[in-house]
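Report on the following structure.
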Ligand SMILES: [Zn+2]
Ligand SMILES: [Zn+2]
């Protein structure tokens, strides 16, 4: 594992042919990283820690993630 990694496939359209410098999906324009929505969280202290695409809540503080806030994570899976 290197510290620079290719983003996970786009959460919205599933486009996977992304580059390690990609920040936005070239197909649908969705931001490719999921962050904690709580500005006071340790995750956002200095640098924004990138959470896995499927995280709905921050594992450090329990706040909603930006993906959940923006309606990018479907709510149907229990
Ligand atoms: Zn996309
Ligand atoms: Zn948090």
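The values are calculated or read from the model by the stated rules, or taken from the named source; none is laboratory data. Owing to the predicted nature of the structure, the values given are computational and were not obtained by experimental measurement. Neighbour counts run over all protein chains shown; Cβ positions are idealised from the backbone, glycine included.
With respect to the stated conditions, residue 37 is under 22 Å from residue 71 (Cα atoms), under 14 Å from the mean Cα position of the chain (by Cα) and modelled with pLDDT of 95 or more. Search the stretch 1-28 for residues that are assigned by TED's automatic domain parsing to the domain that holds residue 50 and in a loop (DSSP other than H, G, I, E, B) and pair each with any residue that is modelled with pLDDT under 95 and within 16 Å of ligand 2 (Cβ to nearest atom) when their beta-carbon atoms are under 8 Å apart and the residues are at least 6 apart or on different chains. Listed pairs, sorted by first residue: none to list. Please work out which residue is farthest from residue 72 (Cα to Cα), limiting yourself to the stretch 10-58 and to residues that are surrounded by fewer than 12 Cβ atoms within 10 Å (Cβ to Cβ) and touching a strand residue (DSSP E or B) at 6+ places or on another chain (Cβ under 9 Å). My answer is 23. Residue count for the stretch 29-52 satisfying the condition of being within 16 Å of ligand 2 (Cβ to nearest atom) and part of a loop (DSSP other than H, G, I, E, B): 14.
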